[in-house]
Amino acid sequence: MLSGLRARLQRLLARVRRVERRELREFRRWVEHTNNLLHLSVLVFVPLLIAFVTYISNASPALSFLLFPPLASGTYTLFSDPEGKYASPPKFVGGMTVGAVCGFLAIEITGVAGVSGGTRIGIQSVSTLDAGVSIFLTGAVTWALDLEEPTAFSTALLTLLTGGSRGEYVLSVIVSTTFIATAFYAWRELFYDRRAEYLYRTTQGDDHVLVPVRGETADETAMFGAHIAAAHDAGKVVLLDLVSESEIAEAEAGIRRDEEAGSGASEAASDADGTDPTTEAAEQVAGQAAMRLERLAGRIQTRVGVPCEVVVASESGSPANVVLQAAQEANCDLVVTPYEERHGSLSPFVKSLFDDPIDVVAFRSVSGRSRWRRVLVAVARPGDNAHAMLDFAQRVSRATGTVSVCTCIDTESHRRRAESMLVNLVEPFDGTFETRVSRDSIERFLSTNAPSHDLVVVGASTDRTGASRFLAPPTFEKLRDVDCDVAIVHRGG
């Protein structure tokens, strides 16, 4: 009974761990979206920073509560749009400080002029002239110093309510804004600008590449996979050849014919070796396949400089299952396979690879080239698949190449949102990108622009529902006549 209970507990724990891993993968995919990351950062960092400043203000009477409304608003502006117009620590500190100083000066100026009269706000009396002068001074100074900051006008007006503690209020603005700006600068430089390194899985992985050597473009596909792997110091390529039963049967038939035509001495030698024709045929076919792979591996190591391994496996059952098992045994996290079609759609082999939770690139070579300097990436939506496409495009083009990122829109009203999406996609990656937004359909845009590029990278649309793919077929299905190499990227789990 105890053993049965222990087994049930182990199964329950294993199930819980699987759920945890799945939820963690889903969260990681969710947070890869820049907008989601920004919302999460606002929910986490803005309350923490304001709470810390509040804690300090409670311990020190020098910090006025009137500081918090503009401080909270300005902190939200920083973290919600870290690349925007107002996301500058110097402008944040300078703008709010200038506003507080201008409010202070407005009271001093009107006091020297002997002007009185005001409007009562609660128990406070605020001069209408003080309010006007403080706003005028704030606008003029921030304009002259290029410190235009909306919160500057808030601090200018709130300074009028501080009474005799105006000097302490100005000092508290300087201290608190400097603290907030320092925290924001550290977050942006150490995490946000390096989010590809921390959050995007392909930038850290996909350096062990398995290439099934099959079809007429196997050599070009292997070179493409080698360029992806070579971008990382730990990269390697595993070349896999599948030996079919028909090849072994054909070799066995040849061996039997030779034995029948040969002398009895050869038969005696075969008996002495203890090998039957079937085993000998399998070894012969595997040896020939290994020699072909070794020659290809030598060319890859010479041209690309990435380590290569060769594996020969028997094609028993589903070829896709054999490839996936070989990838697992060889510790590969990316499969680069030649593109295959059957009856106008993906072959069952490629479909099976796309159905597995492993990263897959189906490569269609039409030019026979082994270097790709000009790469065009077609993006439909943000997310982990788009990040993988950009990462692979940058790896293949190397430092001397160019990467263009495009998306297509239906109406002009979507242009600003599309431009913002492309900026968020390319900003975490090092290097120079060209971004383009077009009103053309994606197939027309690619048909026009693909010939001027060496490679087009598109998504496999495996993250879409079946109904969505039925209503709007994947982009790669519309590129059969494009005179350019095409890489179709599928992101696994």
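Remind me, relative contact order of segment 34-194 in percent, using alpha carbon pairs under 8 angstrom and six or more residues apart?
About 30 percent, as a whole number.
Tell me the net charge near D146. Cut-off is 15 Å between Cβ atoms, D146 excluded, with +1 for each Lys or Arg and -1 for each Asp or Glu.
0
Below 14 angstrom from the Cβ of T77, what's the summed charge of the other residues (Lys, Arg +1; Asp, Glu -1)?
-1
How big, in percent, is the set of alpha carbon pairs in segment 366-493 lying more than 17 Å apart?
On the way: 4585 of 8128 pairs.
In whole percent, the share of Cα-Cα pairs in segment 366-493 beyond 17 Å is 56.
Could you work out the relative contact order of segment 315-396? I mean the mean sequence separation of Cα pairs under 8 Å and 6+ apart, divided by the number of residues, in percent. Display every interim value, and only then the final one.
Details: 57 pairs, mean separation 19.2, N = 82.
The value is 23 percent.
Within segment 343-428, report the trypsin sites (Lys or Arg not before Pro) that DSSP leaves as loop and that have at most 16 other Cβ atoms within 10 Å.
Passing both the DSSP loop test and the Cβ count: R369, R371, R373, R398.
Determine the distance separating the Cα centre of segment 173-188 from the Cα centre of segment 333-351; give it in Å without decimals.
52
What shape does segment 34-194 have by the C-alpha gyration tensor, where a ≥ b ≥ c are the square roots of the eigenvalues, rounded means a/c under 1.5, and otherwise prolate means a/b greater than b/c and oblate the rest?
On the way: a/c = 2.54, a/b = 1.78, b/c = 1.43.
Here segment 34-194 falls in the prolate category.
To make sure I understand, if each residue's beta carbon is the centre and we count other beta carbons within 10 Å, what order do D454, D130 fall in, fewest to most? Mind showing how you got there, number by number?
Numbers: D454 19, D130 26.
Ascending number of Cβ neighbours within 10 Å: D454, D130.
Given a cut-off of under 8 Å on Cα pairs at least six residues apart, what relative contact order in percent is computed for segment 332-374?
Numbers: 37 pairs, mean separation 19.6, N = 43.
Relative contact order for segment 332-374 comes out at 46 percent.
Each value in this text was obtained by applying a stated rule to the coordinates, not by laboratory testing. Fair warning: this is a prediction, and the values are worked out from it, not measured in the lab. Backbone-built Cβ (ideal geometry, glycine too); neighbour counts: all protein chains shown.
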